[in-house]
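Peer 1: So that we are looking at the same thing, I have put the structure below in structure tokens.
The values are calculated or read from the model by the stated rules, or taken from the named source; none is laboratory data. Remember, it's a predicted structure, so these values are computed and weren't measured experimentally. We place every Cβ from the backbone using ideal geometry, glycine too, and count neighbours over all the protein chains shown. With ligands, DNA and RNA removed, areas are computed over all heavy atoms of the protein, side chains included. Shrake-Rupley method; radii C 1.70, N 1.55, O 1.52, S 1.80 Å.
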Amino acid sequence: MLYTAEELERTSEADALAKEMTELSAKLLNLIADAMAAVNNKYPRNLLSPKQNKANIARMVNQRCAFVWENDKQEKTPWVLSDKSGYFHLRNQKNGLCAVLRTVDPVTHGMPKANRTRAGIAYYDQRECRPAGQLHPVSQPALDDCGKVAPDLSDVRLILALDAHEGEPDASPSVTAYKPAEPGQYGHDNKSYFSFPLSTDAHYDVKPFAPEADEESLIPDLIADNTEETEEKERG
């Protein structure tokens, strides 16, 4: 997404992220649905246990998405695979924004915790979204014919959390983009500074991450650590 200097001055980081995800939504959801269908149609379920099958299918869907994305030359997009891992790790060449596809936490169906590696923890350890007026253009601006620029989002790393809605026959897979606040824990409502559900209608709506009137309900989600959050639940 490109902006004039005036538009960039009025745009918050959350606004910019939602617009980027809106542009990507339909293509990404269609890709995931096709990958899930392809894997499920060919996967031999009688070889392993249901738990092993579930893990294998999730991994293969992720890898299938990466394979198709890398080899699809029909549609131009600024999003490219960010590494050679074979998994669906994307980077936007215009603004540096990164996003990785992962499966939702199986308990909460929300943002999954970080992997237990230094790289995984670092990916989740981010600052809160910048307000309007604090975004800067990339150091080498991506200019179009109108002289617009791309905001520098190279320090933002999103989690694209895929929920396959297993056990719901008529449900389609859904994806929510999160900007994590910390590594999180298994089975907890892990905190994020930004979340945005992807939709095939490509509708941009700032409401999912805009501050609500009841600020007291938001403060604990942003600043309390997992220990404080757990203790609060136990006292309740």
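Peer 1: Can we say ASP170 is open to solvent by 80 Å² or more (accessible area, probe 1.4 Å), at pLDDT below 95 and outside any strand (DSSP E or B)? Don't jump to the end; show me each part of the working.
Peer 2: Working: open to solvent by 80 Å² or more (accessible area, probe 1.4 Å): yes; at pLDDT below 95: yes; outside any strand (DSSP E or B): yes.
Yes; evaluated as a whole, the condition is true for this residue.
Peer 1: Counting only residues that are open to solvent by 30 Å² or more (accessible area, probe 1.4 Å) and without any contact (Cβ under 8 Å) to a residue 60 or more places away in the chain, which one in segment 8-35 is farthest from SER195 (Cα to Cα)?
Peer 2: Among them, the one singled out is ASP34.
Peer 1: Of all residues in segment 137-153, count the ones that are open to solvent by 40 Å² or more (accessible area, probe 1.4 Å) and at pLDDT 95 or above. Spell out the reasoning first.
Peer 2: Quick first cut of segment 137-153, residues open to solvent by 40 Å² or more (accessible area, probe 1.4 Å) only: 137, 139-141, 143-148, 152.
Retained after the next criterion (residues that are at pLDDT 95 or above): 152.
Of the residues in that region, 1 qualify.
Peer 1: Would you mention how many residues in segment 117-134 are within 30 Å of GLU9 (Cα to Cα), in contact (Cβ under 8 Å) with a residue 60 or more places away in the chain and not in a loop (DSSP other than H, G, I, E, B)?
Peer 2: Residues that pass the stated criteria total 1.
Peer 1: Take ALA202 and tell me if it is modelled with pLDDT of 90 or more, part of a loop (DSSP other than H, G, I, E, B) and touching a Ser or Thr at 6+ places or on another chain (Cβ under 8 Å). First the steps, then the outcome.
Peer 2: On the way: modelled with pLDDT of 90 or more: no; part of a loop (DSSP other than H, G, I, E, B): yes; touching a Ser or Thr at 6+ places or on another chain (Cβ under 8 Å): yes.
Taking the combined requirement at face value, the residue does not satisfy it.
Peer 1: Then there's this: Is it fair to say ALA38 is open to solvent by 60 Å² or more (accessible area, probe 1.4 Å) and either out of contact with any Gly (no Cβ under 9 Å at 6 or more places or on another chain) or not polar (S, T, N, Q) (or both)?
Peer 2: It is false that ALA38 is open to solvent by 60 Å² or more (accessible area, probe 1.4 Å) and either out of contact with any Gly (no Cβ under 9 Å at 6 or more places or on another chain) or not polar (S, T, N, Q) (or both).
Peer 1: Might you check whether a residue that is over 14 Å from the mean Cα position of the chain (by Cα), open to solvent by 20 Å² or more (accessible area, probe 1.4 Å) and touching a residue at least 24 places away in the same chain (Cβ under 8 Å) occurs anywhere in segment 71-79? Step through it out loud before you land on a result.
Peer 2: So in segment 71-79, the residues over 14 Å from the mean Cα position of the chain (by Cα) come out as 71-78.
With open to solvent by 20 Å² or more (accessible area, probe 1.4 Å) added as a condition, the list becomes 71-78.
After this cut, where a residue has to be touching a residue at least 24 places away in the same chain (Cβ under 8 Å) as well, the list is 75, 77.
Looking for residues that are over 14 Å from the mean Cα position of the chain (by Cα), open to solvent by 20 Å² or more (accessible area, probe 1.4 Å) and touching a residue at least 24 places away in the same chain (Cβ under 8 Å), one finds at least one in segment 71-79, hence yes.
Peer 1: Moving to a separate point now. So, in segment 96-118, exactly how many residues are closer than 13 Å to GLN185 by Cβ, of a type in the set (A, V, I, L, M) and open to solvent by less than 70 Å² (accessible area, probe 1.4 Å)?
Peer 2: Total meeting the criteria: 2.
Peer 1: Just for segment 41-70: of the residues that are open to solvent by less than 50 Å² (accessible area, probe 1.4 Å) and without any contact (Cβ under 8 Å) to a residue 12 or more places away in the chain, which one is farthest from ARG91 (Cα to Cα)? Before the answer, list the steps.
Peer 2: The first filter runs over segment 41-70 and keeps only residues open to solvent by less than 50 Å² (accessible area, probe 1.4 Å), leaving 43, 49, 53, 56-58, 61-62, 65-66, 68-69.
Subsequent filtering for residues that are without any contact (Cβ under 8 Å) to a residue 12 or more places away in the chain retains 49, 53.
Working: SER49: 35, ASN53: 29 Å.
It comes out as SER49.
Peer 1: Also, I was wondering about something else. Do we have THR176 as open to solvent by less than 80 Å² (accessible area, probe 1.4 Å), polar (S, T, N, Q) and closer than 24 Å to PRO50 by Cα here?
Peer 2: Details: open to solvent by less than 80 Å² (accessible area, probe 1.4 Å): yes; polar (S, T, N, Q): yes; closer than 24 Å to PRO50 by Cα: no.
For THR176, the condition - open to solvent by less than 80 Å² (accessible area, probe 1.4 Å), polar (S, T, N, Q) and closer than 24 Å to PRO50 by Cα - is not met.
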